[in-house]
Amino acid sequence: MFDKILIANRGEIACRVIATCHRLGIATVAVYSDADRDARHVRLADEAVRIGPAPAADSYLRGEAILEAARRTGAQAIHPGYGFLSENAGFARACAEAGIVFIGPPASAIDAMGDKSAAKALMQQAGVPLTPGYHGERQEPAFLRAQADAIGYPVLIKASAGGGGKGMRRVEASADFEAALASCQREAQSAFGNAHVLVEKYIERPRHIEIQVFGDGHGNMVHLFERDCSVQRRHQKVLEEAPAPGMSEARRAAMGQAAIDAARAVGYVGAGTVEFIAAPGGEFWFMEMNTRLQVEHPVTEMITGTDLVEWQLRVAAGQPLPRTQAQLRIQGHAIEARLYAEDADRGFLPSTGRLHHLHLPAAGAHVRVDAGVEQGDAITAYYDPMIAKLIVHDSTRERALQRLQQALGHCRALGVTTNADFLRRLVMTPAFRDADLDTALIQREHAALEVARHAPHAHDWALAAVLAASATGTAGRGGSPWALADGWRLGTAAPRQVTLQAGPQRRTLPVHGGDGHWQVRLEDDTVVVTGTVGIDAFALQVAGVLRRGPYLYQAGDLQLLAGASALRLTLHDPVADAAQPGDDDSGLLAPMPGRVVALLAEPGTRVARGTPLLVIEAMKMEHTLQAHADGVVEGYRVRSGDQVEDGAVLVDFQAADA
Ligand code: ADP
C-alpha cells in the first residue's frame with residue numbers, strides 16, 4: 001500500500017479522499033489555487049502545495065504543476081477525484097512516465113470512453129445496446145440535420161467530449177436544428193476544447209440508471225449494483241439513490257452484465273460507472289462510461305457497506321478486489337441530495353459569497369455529510385458551487401426518505417442562497433415520494449417546486465425592521481454621524497422609516513426607540529421588540545416571543561435565520577435609491593462573474609423584449625441574457641472573450657418608454 005498520496009482536486013471529493021487515506025494511515029498532500037489557500041481540503045491534508053492562480057485552467061488543470069508537487073513531496077500516487085484531470089488520458093500517461101501511480105483506469109480505457117462518439121462505436125462491437133443515432137465523423141450542419149430528420153424528433157445533440165450535463169441540446173423540430181447545433185458546438189468548444197457532436201434519439205420519460213463497476217489488475221471485474229439518478233435539472237443530477245426503485249432481479253442482472261461487458265471491452269481497471277438510459281418499459285441503452293469515481297458513489301457505499309476510495313487505493317497498489325460478486329449484497333436503501341449554493345428562484349444561478357453561517361445536519365449511523373466547505377469559507381465563481389452532499393441510509397426507501405427530509409430541515413446558511421428549500425420541496429412531491437421517477441420530474445413538478453416564497457408574517461416584518469434599523473444605524477455610512485439617515489435629531493427620537501421588500505411584498509415600517517427597546521408600527525398595531533442585536537446574531541422578544549439566530553446585513557440585503565424560518569429581505573434606502581436612476585432601464589448587468597462568449601445584437605438596432613442580447617459563460621455553462629423591455633441596443637461595453645465581474649454593465653440599452 002502507499003505511504004503518501006496527492007489529491008489533485010478540491011472541495012468535497014478532496015476532503016472525502018483525505019478521510020479514507022487518514023483512516024488507512026496514508027499521508028496526504030493537497031494542492032490548491034490562490035482562491036483555495038484556506039480551503040477545507042488544504043486544512044485537512046498533511047501537506048499542501050500551491051499550484052497556481054484561481055482559474056482552474058491555471059491551477060487544477062495544470063498536470064505538470066501537479067506532477068511537480070507530487071515529486072517535491074514524495075507522493076507515490078495521485079488521486080484525481082472527479083472533474084478536472086480525472087478523465088484526462090494525457091495526464092494519466094504523464095503520471096506513468098513520471099513513475100507516479102495514477103489512481104484510475106489505464107490511459108487507453110480513458111481514451112476509449114472519453115469520446116462519446118468513439119465509445120458508442122466500440123460498444124456497438126461489444127454488443128452493448130445503444131440509443132439510435134449518428135455518432136460518426138461528419139459534422140456539416142446540413143448533414144447532421146438530415147441525420148436528425150431521419151432519426152425523428154425530438155433529438156438530442158451532445159458534445160462528444162461532453163460531461164456533467166454540459167454541451168447538450170434537445171431539439172424539437174428540424175427548423176430549430178442548426179441554431180441549437182451552433183450553440184451546442186460553441187459551448188462544447190469553450191468547455192471541452194472540442195466542438196465535435198453526436199446526434200441521438202431523445203428518449204421520452206426516461207430514467208437514468210447507472211451501474212458501478214470495479215476491475216482489478218488480476219482480471220477480476222464486479223458490479224456493485226445500480227444507482228437511479230433520474231432526478232435531474234438541465235441534465236444534471238440532483239438526487240441519486242440506490243437501489244433503483246422497482247428494479248427486478250432479472251433486469252439488475254442484465255444491466256450488470258451489460259456494464260461488465262462494456263468495461264471489459266476497454267480493458268477496464270479501477271472504479272467506473274456505466275450509464276444507461278432506460279425507457280418506462282424497462283428497455284435500456286448505453287449512454288456513456290465515466291472512467292472515474294462519481295459524485296454519487298456514496299449511495300453505493302451505503303448499501304454495500306464498502307469504501308470505494310479504499311478499493312481504488314488497493315487496486316492501484318496492485319491488490320485484488322476486496323470482494324467477489326457473490327460476496328456483494330444490497331442492504332437497505334440510500335439517497336443522496338446535492339446541496340448547492342444556487343438560487344432556485346433565479347434559474348439556479350450559482351450564488352457566490354462567504355458562508356457567514358453554515359449549519360449542516362449531524363452525521364450519524366444513518367446520515368453522512370460529505371462537505372467541501374465550513375462556516376466562514378467562500379463559494380467563488382471559479383469552481384462548482386457545491387456546499388455538501390447529504391447521504392441517508394435506512395432499511396427501506398420510505399424510511400430513508402424520512403431521514404432525508406429531516407436532514408434537509410437542518411441545513412441553514414447565511415451569506416449565499418442554497419437549494420435546501422428547493423430540495424425539501426422536491427423530496428416531498430408525491431412523484432418523488434412514490435418513486436414515479438424520470439428525468440423530467442423536476443420540470444413536471446414545477447408548480448409544486450415554485451417558491452410560494454413564504455410570505456413573512458406580521459411579527460417577522462417587525463423583527464426584520466428592528467434588525468435593519470440597527471444594522472444600518474450602527475454601521476452608518478462612512479462613519480460620519482452626519483451621513484446617518486436614522487432619523488436622529490435633538491430632543492425626542494423621530495421614528496425611523498424602514499422600507500423592506502420580501503418577494504413581491506414591500507412595506508414601510510416606522511421604528512421607534514433603540515438601545516434594546518423598540519416599537520414597530522404595523523398597520524393598526526404596535527409591536528414591542530426588546531433584546532439585543534449583535535453584529536451577526538440577535539436575541540429579541542417580539543411581542544413576547546423570543547426569536548434568536550444569526551443574521552447578515554450586506555449592502556441592502558438582509559438575511560436572517562430564526563428557528564426554522566429563514567428570511568431574506570431587501571432594505572430600500574430612500575437616500576441611496578434617490579441617488580440612482582429609477583428602475584434602471586439603462587443597462588444590462590452581468591448576473592454573475594463570467595466570460596462573455598457572444599454578442600448577439602447589432603448595436604443601434606431596435607429589439608423586442610426577450611430578444612437574446614449576449615451570452616455569458618460562468619461555471620462552464622452558457623447563460624443567455626435577454627432584453628428586459630422593448631428598446632434600442634445602443635452599444636456593448638464588452639467584447640467577446642472579456643472576463644466580467646458580477647454587476648458590471650454589459651450593454652447600453654434604451655428602453656422604449658424611457
Ligand atoms: P454527461 O456526460 O454530460 O453527463 P450523458 O450522456 O451522461 O451526459 O447524459 C446526461 C443526461 O442527459 C442523462 O442522465 C439523461 O437525463 C439525459 N440524456 C442523455 N441522453 C439522452 C437521450 N438520448 N434521451 C433523453 N435524455 C437523455
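What the table below lists for this structure:
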item: Relative contact order for the chain, counting Cα pairs under 8 Å that sit 6 or more residues apart, in percent; result: 9 percent
item: Cut-off 12 Å, label 7 Å out along Cα→Cβ of residue 143, residues of the range 180-210 by amide N; result: 197
item: Sites matching GluC sites (Glu not before Pro) across the range 89-176 that sit in DSSP coil, with at most 16 neighbouring C-beta atoms within 10 Å; result: 137, 172
item: Sorted peptide list for 459-469, 514-524, 125-135, criterion being average Cβ within 10 angstrom, highest first; result: 459-469, 125-135, 514-524
item: Å² per residue, accessible surface of the range 274-410 at 1.4 Å; result: 37 Å²
item: Centre separation in Å (Cα based) which lies between the range 1-48 and the range 520-554; result: 43 Å
item: Rounded to 10°, Cα long-axis angle of helix 177-192 versus longest principal axis of the chain; result: 90 degrees
item: Relative packing of peptides 551-561, 79-89 - highest average C-beta neighbours within 10 Å first; result: 79-89, 551-561
item: The chain, helix-only ellipticity at 222 nm - DSSP H runs n ≥ 4, -39,500 (n - 2.57), divided by all residues, nearest 500; result: -7500 deg cm²/dmol
item: Whether the chain is rounded, prolate or oblate, judged on the alpha carbon gyration tensor where a/c under 1.5 counts as rounded; result: prolate
item: Convex hull of Cα atoms in the range 581-655, direction-averaged projection (nm²); result: 4.3 nm²
item: Where 248, 33 fall by accessible area, highest first, once all protein chains stay in place (1.4 Å); result: 248, 33
item: Candidates per GluC sites (Glu not before Pro) in the range 243-346, loop by DSSP, up to 14 other Cβ within 10 Å; result: 283
item: Residue-span extension gain [residue 124 to residue 204] - 0.36 nm each, minus C-alpha spacing; result: 26.6 nm
item: Surface share of carbon and sulfur [accessible, 1.4 angstrom probe, percent] for the chain; result: 50 percent
item: Sorted peptide list for 604-614, 230-240, criterion being average Cβ within 10 angstrom, highest first; result: 230-240, 604-614
item: Å² of accessible area per residue within the range 132-201, as computed with a 1.4 Å probe and no ligands counted; result: 40 Å²
item: Where the range 581-655 is the region considered: accessible area per residue in Å², 1.4 Å probe; result: 50 Å²
item: Links that overshoot a 24 Å alpha carbon limit, given the list 120/158; 116/389; 116/166; result: 116/389
item: Overall form of the range 262-309 per C-alpha gyration tensor (a/c, 1.5; a/b vs b/c); result: oblate
item: Whole-number percent relative contact order across the range 72-158, with pairs defined as alpha carbons under 8 Å at least 6 apart; result: 19 percent
item: In the range 592-658, the GluC sites (Glu not before Pro) that fall in loop regions by DSSP, at most 16 other Cβ within 10 Å; result: 645
item: Stokes-Einstein D in µm²/s, Kirkwood radius over Cα pairs - the range 4-103 at 4 °C with 1.567 mPa s viscosity; result: 100 µm²/s
item: Global geometry of the range 132-201, whether rounded, prolate or oblate, following the gyration tensor of its Cα atoms and the 1.5 cut on a/c; result: prolate
item: Using alpha-carbon coordinates, inclination of helix 11-23 to the longest axis of the chain, degrees; result: 60 degrees
item: Crossing angle, helix 116-126 versus the chain [Cα axis fit, 0-90 degrees, rounded to tens]; result: 30 degrees
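The values are calculated or read from the model by the stated rules, or taken from the named source; none is laboratory data. Predicted model only: the values in this text are computed from it and were never measured. Here the Cβ is made from the backbone with ideal geometry for all residues, glycine too, and neighbour counts use every protein chain on show. These area figures cover heavy atoms from the full protein model, side chains too; ligands, DNA and RNA do not enter into them. Shrake-Rupley method; radii C 1.70, N 1.55, O 1.52, S 1.80 Å.
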